[in-house]
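> One structure, as structure tokens, below. Some questions next.
The values are calculated or read from the model by the stated rules, or taken from the named source; none is laboratory data. Just so we're clear, the structure is a prediction, and the values are computed from it rather than from any experiment. FYI the Cβ positions are ideal-geometry reconstructions off the backbone, even for glycines, and counts take in every protein chain you see. Areas reflect the complete protein model, heavy atoms only, side chains present, ligands, DNA and RNA absent. Shrake-Rupley method; radii C 1.70, N 1.55, O 1.52, S 1.80 Å.
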Amino acid sequence: MKTALITGITGQDGSYLAEFLLEKGYRVIGMVRRTSTINFERISHIQDNIEIVQGDLIDQLSLIECLKEYDVDEVYNLAAQSFVPTSWNQPVLTGEVTALGVTRMLEAIRAVNKKIKFYQASSSEMFGEVTETPQTELTRFHPRSPYGVAKVYGHWITINYRESYDLFACSGILFNHESPRRGIEFVTRKITDGVARIKHGLAKELRLGNLDAKRDWGFAGDYVEAMWLMLQQKKADDYVISTGETHTVREFCKIAFERAGLDYEKYVKVDKKFYRPAEVHLLLGDAAKAKKALKWKPKVSFKQLVEMMVDEDLKRYEELAKK
């Protein structure tokens with residue numbers, strides 16, 4: 001039985017990856033920070049099947065102890081300060097966790113067992129002000145937020161450790177991937193939650209930023225399979241994971257509101273306070289390498305994804321109304 005350590009297991013991707021690995025017969029260890037309020041909501045249905053260990057990407061020793069104690073085969077580093085607007089408010093913390101945290105984990109692997117395979121969650125936000133469309137593994141990075149900058153560091157330090165110390169270390173450059181488990185602060189979930197609130201008479205409008213920003217949106221449940229596939233290859237490499245389609249925030253709104261039988265134009269209000277200091281206008285990934293080498297492709301379409309998220313939020317508010 002293989003043992004996998006997932007940092008960020010309580011997040012969207014961590015919960016889907018934990019489910020996926022359990023189905024594959026893995027022993028799953030989830031690393032969480034010691035805080036007064038740990039939210040296990042996303043993994044509550046599988047909590048009896050996973051082992052939770054306390055550790056922190058800011059604390060080197062906790063990582064070393066964790067790898068030693070559980071005799072880990074694979075590490076999936078999904079923990080990060082991952083909300084772009086927060087990275088402007090807390091740029092130093094974002095750097096400590098999202099950038100230097102990667103180095104600490106790689107150093108821990110080097111110290112404990114160089115045979116441990118490592119997956120780093122890179123991000124399409126590294127491309128930022130894009131120099132070409134679509135973006136591939138070779139596209140130049142021009143990040144437009146402290147989060148994007150930190151992710152570039154994490155990406156390159158992973159490559160450096162692979163090349164310098166012969167570690168099996170991969171980066172998955174994942175484009176936007178959403179689900180009903182997405183945090184409420186992210187625009188996609190803010191929209192679907194807003195739709196459900198309006199439908200149930202709990203809100204009259206939804207305030208959003210730039211409706212013309214374009215993103216390549218996929219389903220998180222599809223993308224965690226690609227993470228696993230990367231660590232099953234003979235050779236470590238980096239891969240873009242995306243749908244190859246781009247949609248605007250406006251399109252997302254239209255489908256979401258239509259799912260609930262509403263017209264988005266009557267409820268959505270543009271509010272300049274939700275604009276980013278430096279906007280990323282167009283992200284579109286080319287996952288040809290992953291499709292060929294990993295035999296991976298997304299299964300859930302954009303429309304299916306939006307409707308799945310709206311349905312879950314409508315159901316949640318219906319259940320709340322009954323209580």
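> Can you tell which of 62, 87 is outside any loop (DSSP other than H, G, I, E, B), of a type in the set (Ser, Thr, Tyr) and either without any contact (Cβ under 8 Å) to a residue 40 or more places away in the chain or more than 25 Å from residue 147 (Cα to Cα) (or both)?
Working: 87 fails: either without any contact (Cβ under 8 Å) to a residue 40 or more places away in the chain or more than 25 Å from residue 147 (Cα to Cα) (or both).
When all the criteria are applied, what remains is 62.
> A follow-up question, please. Based on what the data block shows, is residue 44 out of contact with any strand residue (DSSP E or B) (no Cβ under 7 Å at 6 or more places or on another chain), open to solvent by 40 Å² or more (accessible area, probe 1.4 Å), assigned to a helix (DSSP H, G or I) and of a type in the set (S, T, N, Q)?
Taking the combined requirement at face value, the residue satisfies it.
> Would you confirm, using the coordinates I've provided, whether residue 270 is of a type outside the set (Gly, Ala, Ser) and touching a helix residue (DSSP H, G or I) at 6+ places or on another chain (Cβ under 8 Å)? Show your work before the answer.
Details: of a type outside the set (Gly, Ala, Ser): yes; touching a helix residue (DSSP H, G or I) at 6+ places or on another chain (Cβ under 8 Å): no.
It is false that residue 270 is of a type outside the set (Gly, Ala, Ser) and touching a helix residue (DSSP H, G or I) at 6+ places or on another chain (Cβ under 8 Å).
> Do you know which of the residues in the stretch 180-202 that are among the aliphatic types (A, V, I, L, M) and modelled with pLDDT under 95 is farthest from the chain's Cα centre (by Cα)?
Here the answer is 202.
> Which residues, counting only those in the stretch 113-134, are among the polar types (S, T, N, Q) and either buried (at least 22 other Cβ atoms within 10 Å of the Cβ) or in contact with a strand residue (DSSP E or B) (Cβ under 6 Å, 6 or more places away or on another chain) (or both)? Steps first, please.
Start the filter on the stretch 113-134 by keeping residues that are among the polar types (S, T, N, Q), which leaves 113, 120, 122-124, 131, 133.
Scanning the stretch 113-134 gives 120, 122, 123, 124.
> Right, another one. So which residues in the stretch 53-64 are open to solvent by 60 Å² or more (accessible area, probe 1.4 Å) and under 18 Å from residue 4 (Cα atoms), if there are any at all?
Result: 54, single match.
> So, one more: Go through (1) within 24 Å of residue 122 (Cα to Cα); (2) open to solvent by 40 Å² or more (accessible area, probe 1.4 Å); (3) of a type outside the set (Val, Ile, Thr) for residue 14 and report which single condition fails.
So residue 14 meets the others, but not (2).
> Considering 165, 223, which residue is farther than 18 Å from residue 317 by Cβ, over 22 Å from the mean Cα position of the chain (by Cα) and of a type in the set (Ser, Thr, Tyr)? Full working, then the answer.
Working: 223 fails: over 22 Å from the mean Cα position of the chain (by Cα).
Only one candidate passes the filter, namely 165.
> Considering only the stretch 102-117, how many residues are in contact (Cβ under 8 Å) with a residue 60 or more places away in the chain and of a type outside the set (A, V, I, L, M)?
Residues flagged as in contact (Cβ under 8 Å) with a residue 60 or more places away in the chain and of a type outside the set (A, V, I, L, M) within the stretch 102-117 amount to 1.
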